[in-house]
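Below is one structure, written out as structure tokens; the observations come after it.
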Amino acid sequence: MARMVGLVLAVLLACTAMASANFNQEFDITWGDGRGKILENGQLLTLTLDRTSGSGFQSKHEYLYGKIDMQLKLVTGNSAGTVTAYYLSSQGPTHDEIDFEFLGNVTGEPYTLHTNVFTQGQGQREMQFRLWYDPTKEFHTYSILWNPKHIIFMVDDMPIRDFRNLEGKGISFPKNQPMRLYSSLWNADDWATQGGRVKTDWSHAPFSASYRNFRADACVLAGGGRTRCGVAVGTDAAPGSGVAAAAAAGSGTWYNQELDLTRQQRMRWVQSKYMIYNYCTDPKRFPQGLPAECSM
């Protein structure tokens, strides 16, 4: 038994907090045949889409809870048909996933910010927003705060969505599958813009999105030689021990962070003014009844 425990604990979590990270050190360009580039000594990353291919990258590390920040500047001009995806995901048929997706539009029309949460391979928890600024003119910060109680989506530190842990009510929540950070720029004109009615205009290609100022204050999957941050992956983190204790002690405020009353009010304001779709208000999509969390 001791040997088994030792083997399991050989894969540990290390808590890391970093300033704006170097893309060369933190990410791999995974596809696109040279259309993804790391520039400016690792301080800027660009993805490009043309008629032949899009491109994408993934983090070298896997995270189990954390606060992830990235600044993005999206495809300019006529971006209809393009999707810039920025998300955390594990692997396999019962994967967990936390999504930002930016759906392009024709020149002068607003982008759609699409969010979703998958647990144990099940998604269909979409909320969509119009952004209150032009995301193609300047860099803006898009953040995922993932801790044992909440998944909070933020735009320039403004909370727009809070997916709460309601496991006590029988609702699954991402908690024990480490996830990598991924991003891609790709053609999705079969659905992305006005339900697929507006197609990609390739005369505007190549399309490009830019990334900078990545920061992860997170627990990172690591080998046995790294500083311990808790329990073996795949087991529950008991409060006051393991990953909970190490993260709470060494990772700032994100591990226990919740929205206070002021930030809840700000989130409700954003949702009232800029949310254009909420799966919890779409009963036609769920003939057997809305998902259980919608009533909570």
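Considering only residues that are closer than 19 Å to Thr76 by Cβ and basic (Lys, Arg), which ones fall in the range 129-172?
Once the filter is applied, which keeps residues that are closer than 19 Å to Thr76 by Cβ and basic (Lys, Arg), the range 129-172 yields Arg130, Lys137.
Here are Ser79, Ser59, Ser90: which of them is buried (at least 17 other Cβ atoms within 10 Å of the Cβ), in contact with a helix residue (DSSP H, G or I) (Cβ under 9 Å, 6 or more places away or on another chain) and closer than 19 Å to Met179 by Cβ?
Details: Ser79 fails: closer than 19 Å to Met179 by Cβ; Ser90 fails: in contact with a helix residue (DSSP H, G or I) (Cβ under 9 Å, 6 or more places away or on another chain).
Only one candidate passes the filter, namely Ser59.
Just to check your reading of the model, which residue among Gln120, Gln71 is farther than 19 Å from Phe139 by Cβ and of a type in the set (S, T, N, Q)? If you could, list the steps in order and put the result at the bottom.
Numbers: Gln71 fails: farther than 19 Å from Phe139 by Cβ.
After ruling out the rest, the residue left standing is Gln120.
Can you run down the residue pairs with Cβ atoms below 9 Å, 6 or more apart or on separate chains, where the first is in the range 203-218 and in contact (Cβ under 8 Å) with a residue 60 or more places away in the chain and under 20 Å from Met179 (Cα atoms) and the partner is assigned to a strand (DSSP E or B) and among the basic types (Lys, Arg)?
Every condition considered, the pairs that remain are Tyr211/Lys73; Arg215/Lys67; Ala216/Lys67; Asp217/Lys67; Ala218/Lys67.
Mind checking which pairs have a first residue in the range 168-181 that is under 15 Å from Ser89 (Cβ atoms) and a second that is of a type in the set (A, V, I, L, M) and buried (at least 20 other Cβ atoms within 10 Å of the Cβ), Cβ under 6 Å, 6 or more apart or different chains?
Between residues of the range 168-181 that are under 15 Å from Ser89 (Cβ atoms) and residues that are of a type in the set (A, V, I, L, M) and buried (at least 20 other Cβ atoms within 10 Å of the Cβ), the close pairs are Pro178/Leu64; Met179/Leu88; Leu181/Leu88.
In this structure, does Tyr111 turn out to be within 26 Å of Asn256 (Cα to Cα) and either touching a strand residue (DSSP E or B) at 6+ places or on another chain (Cβ under 6 Å) or surrounded by fewer than 22 Cβ atoms within 10 Å (Cβ to Cβ) (or both)?
Details: within 26 Å of Asn256 (Cα to Cα): no; either touching a strand residue (DSSP E or B) at 6+ places or on another chain (Cβ under 6 Å) or surrounded by fewer than 22 Cβ atoms within 10 Å (Cβ to Cβ) (or both): yes.
Spelling it out, it is not the case that Tyr111 is within 26 Å of Asn256 (Cα to Cα) and either touching a strand residue (DSSP E or B) at 6+ places or on another chain (Cβ under 6 Å) or surrounded by fewer than 22 Cβ atoms within 10 Å (Cβ to Cβ) (or both).
In the range 167-216, how many residues are aromatic (Phe, Trp, Tyr) and in a loop (DSSP other than H, G, I, E, B)? Give the derivation first.
Of the range 167-216, the ones aromatic (Phe, Trp, Tyr) are 173, 182, 186, 191, 202, 207, 211, 214.
Among the residues that remain, those that are also in a loop (DSSP other than H, G, I, E, B) are: 173, 191.
Number of matching residues: 2.
Can you tell me which of (1) in contact with a Leu (Cβ under 9 Å, 6 or more places away or on another chain); (2) farther than 25 Å from Asn24 by Cα; (3) part of a strand (DSSP E or B) is the one Asp99 doesn't meet?
Unmet condition: (2).
Just so you know, all these numbers are worked out from the coordinates, no wet-lab data involved. In this text the structure is predicted, and so the values were computed from the model without any measurement. Cβ: placed from backbone, ideal geometry, glycine included. Neighbour counts: every protein chain shown.
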